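Just so it is clear, none of the values below were taken in a lab; they were calculated from the coordinates. A quick note: this is a predicted structure, and the numbers were derived from the prediction, not measured. Methodologically, a virtual Cβ is constructed for each residue, glycine included, from the backbone with ideal geometry; neighbour enumeration extends over all protein chains shown.
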């Protein structure tokens, strides 16, 4: 390979600042998208396991639509197609006046997509707690809401901590897709360094290290959470 | 003694017969050695750099730069003494073209790449094949003619291009309040302009004419403003391979000397399959004449 190596470029002004700001935006996108994914996904997961056929249908349709379309396609649909379906004033607002149009679109699109995956995790968690628990709860006179609140959900969330951790790591890495609609997050910043200095190999190595550091940290923290919240006698024993 | 002599002789014959086809013609050029070993030339091409290097109706890369590269492929085949070489097309983007040349994934990049001195730290360029500069494309109805008209408006710029740097520098120098939206490639930039997400799209003027000629409503758009940068295009090859570079230079000089260069130019620009209509400018004609070195 014919290449002039220069690792010092990563620590030079303004490139070090670019990496830090890129990491900042990556974290903002992932955390806000995770808030959407986790809350909406939980509600949909409850819908999918509830006794009401209507709620079950809503959950199923949502999951089928959002889980079966590639995220990249969804990003483009939200960014380029969705605004064209709105009335002119609204369309203009979404495209121009909304705060940070590309960033907001990315957060919503990634959040909605991941919600369908979280929904399936929550539903399988609830299923894993078992039908007997549900019936036992109803037999001692709890309402369905109370059964979820006091029996199913506290157990289900403990069981699904490891898969939810994976889900968060996925959202963190998928936030890099936001660069395709022009959000300057970590990967985009790395590319920009490459464009200005033509030291692409150094820049991408830096991105790899930063992404790995964050994911390793999240994994370590979640392993502790899993251990501390485990209930004796159930299958949430801090695996992962 | 006899036995060992025979062994040495056999080894020598084997070595010569193996080495001869592999290195006799490729010389000291890593690129030519690579091409000879694989029997394939890898050409990096763009997908929407009209009419230099883009995907044509047959789903094959075509264009001015591709035609020039195919002339070099013929020269490589002649140099290596083979009848023909397979061509393997690898799509590249503004961001991937330089690393892919540096690591040898592609042997030549045939797109619309500006030759500048910073890039020459990583890659080498063949003679200049086209001269252009950064301008703005906007809707005729917007009334934008110069960068200064963009005050308070939004401009789209493709990441990894010299235009991005030139326009950012101009905005900074004049202290303008222009919002920049980065886009991935020319087609996405054009889509953003069509859907009013941005007010203008900045790129090399020739590419903007190409985009307009392919748009659904060519009369609604125009290319305006002064040149915000000087962008001489050239084909890219790997650094530190003067043998291969010389072969490329010789091929290009030959085309320029014989006038074939002007014919290939006419095929794509006057007006060419995309109706772009840019007659050979005096600057470019002079560039061709100056670069037409004698044998």
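Which distance in nm do the two modelled labels at residue B:227 and residue B:120 give, with both placed 7 Å along the Cα-to-Cβ direction?
Distance between the two pseudo-spin positions: 1.8 nm.
Using only Cα atoms, tell me the angle between helix B:205-214 and the longest principal axis of chain B; keep it within 0 to 90° and round to the nearest 10.
Helix B:205-214 sits roughly 80 degrees off the main axis of chain B.
Tell me the label-point distance for the pair residue A:209, residue A:77, using the 7 Å Cα-to-Cβ offset, in nm and rounded to one decimal.
4.0 nm
Angle between the Cα long axis of helix A:101-129 and the longest principal axis of chain A, 0 to 90 degrees, nearest 10?
That works out to roughly 30 degrees.
Listing B:79, A:144 from the residue with the fewest other Cβ atoms within 10 Å to the one with the most, what is the order?
A:144, B:79
So in the protein assembly as shown, what percent of DSSP beta bridges are antiparallel if you round to the nearest 5?
Once the DSSP bridges in the protein assembly as shown are tallied, antiparallel ones form about 55 percent.
Which shape class applies to chain B: rounded if a/c is under 1.5, otherwise prolate when a/b exceeds b/c and oblate if not, where a ≥ b ≥ c are the square roots of the Cα gyration tensor eigenvalues? Mind showing how you got there, number by number?
Working: a/c = 2.62, a/b = 2.25, b/c = 1.16.
Here chain B falls in the prolate category.
By the gyration tensor of its Cα atoms, with a ≥ b ≥ c the square roots of the eigenvalues, what is the shape of chain A: rounded for a/c under 1.5, prolate for a/b over b/c, or oblate? Could the numbers behind the result be given before it?
On the way: a/c = 3.26, a/b = 1.58, b/c = 2.06.
Note, shape of chain A comes out oblate.
Would segment A:1-115 count as rounded, prolate or oblate if I go by the C-alpha gyration tensor, calling it rounded below 1.5 in a/c and otherwise prolate when a/b exceeds b/c, oblate otherwise?
prolate
At a threshold of 8 angstrom on Cα-Cα distance, excluding pairs fewer than six apart, so keeping six or more, what relative contact order does segment B:96-209 reach in percent?
Relative contact order here is 32 percent.
Can you sort B:46, B:34 by how many other beta carbons sit within 10 Å, fewest first?
Values: B:46 27, B:34 18.
Taking fewest neighbouring Cβ atoms as first place, the list is B:34, B:46.
Compute the distance from the alpha-carbon center of segment B:46-112 to that of segment B:188-210, in whole Å.
First find each Cα centre; the distance between them is then 25 Å.
When B:187, B:42 are ordered from fewest to most other Cβ atoms inside 10 Å of their Cβ, what list results?
Fewest-to-most ranking of B:187, B:42: B:187, B:42.
Give the angle, between 0 and 90 degrees and rounded to the nearest 10, that separates the Cα long axis of helix B:282-291 from the longest principal axis of the Cα atoms of chain B.
So the inclination is approximately 20 degrees.
Can you tell me how much longer the chain between residue B:179 and residue B:295 gets when fully stretched, taken as 0.36 nm per residue apart minus their C-alpha distance, in nm with one decimal?
The residue B:179-residue B:295 span can extend by a further 36.6 nm.
If R₀ is 35 angstrom, what is the calculated FRET efficiency for the pair residue A:231 and residue A:90, using the beta carbon separation as r and rounding to 0.05?
My answer for the efficiency is 0.15.
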